[in-house]
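Some notes on the structure that comes next.
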There are 2 protein chains.
Amino acid sequence: MVDPLDLDVDNCTIARAMEILGEKWTIVVLREVFTGIRRFDDMRVRTKIPRQVLANRLAGLVEHGVLRREPYREPGARERHEYRLTEKGFDLYPVLIALAGWGNRHLADPEGPPIEYVHRDCGAKVHLETHCAAGHVIDDRRAVLPRPGPGTRLRDKNR
Amino acid sequence: MVDPLDLDVDNCTIARAMEILGEKWTIVVLREVFTGIRRFDDMRVRTKIPRQVLANRLAGLVEHGVLRREPYREPGARERHEYRLTEKGFDLYPVLIALAGWGNRHLADPEGPPIEYVHRDCGAKVHLETHCAAGHVIDDRRAVLPRPGPGTRLRDKNR
DNA sequence: CCCGCTGAGTCTGTCAATCAGACCTAGCCT
DNA sequence: AGGCTAGGTCTGATTGACAGACTCAGCGGG
């Protein structure tokens, strides 16, 4: 059993994910896109993100392959662009649901949260379950352990 | 059916969650605590977070009730403090797992990710499943819809 | 043909946060 | 007394967020 203090965690994918998702407003932009808001000004009006920041976030998400910029044209208007999720972007749904779950439990106003996620087919609220590959459902969060994976490296001695 | 553009989303709990979790390094601090690293200097050495920022993040997480500061004393040393998860903090496990799942799929080095989460009892890798309250497993992410919740408010007209 | 509107930005200056590196401090050990 | 260590604080430089003004292309109305 390796001491976690001897591991180099520079290539940790959680940190890499947060480099993309952790900039201010990025998750809010994604929430908008998941809600079906796809246009610059609609997002800006709903969220009050500064224009510059919104432009930067959208460009960054496109660059990282989370969103794609699609041309569209409404009758009698010139061509514009809207932002849509890529498959990589759709894969973020669990992150959104997990954040909403935690926020709804611990941070909501007394009257309740303003957004819930429901199953399209039956209308029931959606939640996440933790499972292991052997098929067990994991209710006790203490039963989940972090373990060194295949990309594990050791740290050099300059502690 | 209400137009999402008419909704006020200022009280969205996802945005509130990101106010706590979205500051730079916060999630990395949490990853450390979930990994069992509980002391200031251990975190600093592993993660290379600037001291000041680490101090601020730990204080912020304590203030928000995600971590608690526990005194401890090793024999022959003076009293010190370590940081441990509260129940509210433990509830963030799905967020960590979701981020790690996405990162491991889309952002890992070719040799693989450095950290995996496994089931303590059987050693098998852990993943999240999306379920609805009616018991359906939701595989198609397009089958999840955001819906106005009990805390929904309308936006005023100053669009 | 000129005018103004609209969506989607860019530009500018201010203010707050992050960063690296030096400095500080309480209590233990020799 | 002097040094070491964990866990911080202080300082100055860089980067990022922000509000508000400006730009620009193309359409529709007069």
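Examine region A:32-42 for a residue that is within 15 Å of DNA strand D (Cβ to nearest atom), surrounded by 12 or more Cβ atoms within 10 Å (Cβ to Cβ) and within 16 Å of the chain's Cα centre (by Cα), and state whether such a residue exists.
Yes, that holds for at least one residue.
I'd like to know if region B:65-75 contains one or more residues that are surrounded by 14 or more Cβ atoms within 10 Å (Cβ to Cβ) and within 12 Å of chain A (Cβ to nearest Cβ). Full working, then the answer.
Filtering region B:65-75 down to residues surrounded by 14 or more Cβ atoms within 10 Å (Cβ to Cβ) leaves B:66-68.
Those left that are additionally within 12 Å of chain A (Cβ to nearest Cβ): B:66.
Yes, because at least one residue in region B:65-75 is surrounded by 14 or more Cβ atoms within 10 Å (Cβ to Cβ) and within 12 Å of chain A (Cβ to nearest Cβ).
Can you pull out the residues in region B:70-87 that are more than 12 Å from DNA strand C (Cβ to nearest atom) and outside any strand (DSSP E or B)?
Residues satisfying the conditions are B:Thr86, B:Glu87.
Which residues, taken from region A:84-95, are open to solvent by less than 30 Å² (accessible area, probe 1.4 Å) and more than 7 Å from every other protein chain (Cβ to nearest Cβ)?
Result: A:Leu85, A:Thr86, A:Gly89.
Please indicate, with yes or no, whether at least one residue in region A:5-12 is facing chain B (nearest Cβ under 9 Å), away from DNA strand D (no atom under 13 Å from the Cβ) and among the aliphatic types (A, V, I, L, M).
There is at least one residue in region A:5-12 that is facing chain B (nearest Cβ under 9 Å), away from DNA strand D (no atom under 13 Å from the Cβ) and among the aliphatic types (A, V, I, L, M).
Counting only residues that are more than 13 Å from DNA strand C (Cβ to nearest atom), give me the helices (runs of 4 or more DSSP H) lying completely in region A:1-69 with at least 2 of them.
Qualifying helices (runs of 4 or more DSSP H): A:13-21, A:26-35.
Residues are listed down the side, and each one gets a yes or a no for (1) over 17 Å from A:Thr13 (Cβ atoms); (2) without any contact (Cβ under 8 Å) to a residue 24 or more places away in the chain; (3) small (Gly, Ala, Ser):
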{"position": "B:Val2", "(1), (2), (3)": "yes, no, no"}
{"position": "B:Cys12", "(1), (2), (3)": "yes, yes, no"}
{"position": "B:Leu21", "(1), (2), (3)": "no, no, no"}
{"position": "B:Trp25", "(1), (2), (3)": "no, no, no"}
{"position": "B:Leu30", "(1), (2), (3)": "no, no, no"}
{"position": "B:Val33", "(1), (2), (3)": "yes, no, no"}
{"position": "B:Asp42", "(1), (2), (3)": "yes, yes, no"}
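Could you give me the residue pairs with C-beta distances under 7 Å whose first residue belongs to region B:47-61 and is within 14 Å of another protein chain (Cβ to nearest Cβ) and more than 18 Å from A:Arg16 (Cβ to Cβ), whose second residue is of a type in the set (Phe, Trp, Tyr) and near DNA strand C (Cβ under 9 Å from one of its atoms) wherever it lies, and which are 6+ apart or on separate chains?
Every condition considered, the pairs that remain are B:Val53/B:Trp25; B:Arg57/B:Trp25.
Give me a count of the residues in region B:100-149 that are facing chain A (nearest Cβ under 7 Å), assigned to a loop (DSSP other than H, G, I, E, B) and either open to solvent by less than 50 Å² (accessible area, probe 1.4 Å) or in contact with a Phe, Trp or Tyr (Cβ under 6 Å, 6 or more places away or on another chain) (or both).
The qualifying residues number 9.
The values are calculated or read from the model by the stated rules, or taken from the named source; none is laboratory data. Remember, predicted model here, so these are calculated numbers, not experimental data. Positions of Cβ are backbone-derived with ideal geometry, glycine not excepted, and every protein chain shown enters the neighbour counts. Side chains are part of the model used for accessible areas, which takes the heavy atoms of the whole protein and leaves out ligands, DNA and RNA. Shrake-Rupley method; radii C 1.70, N 1.55, O 1.52, S 1.80 Å.
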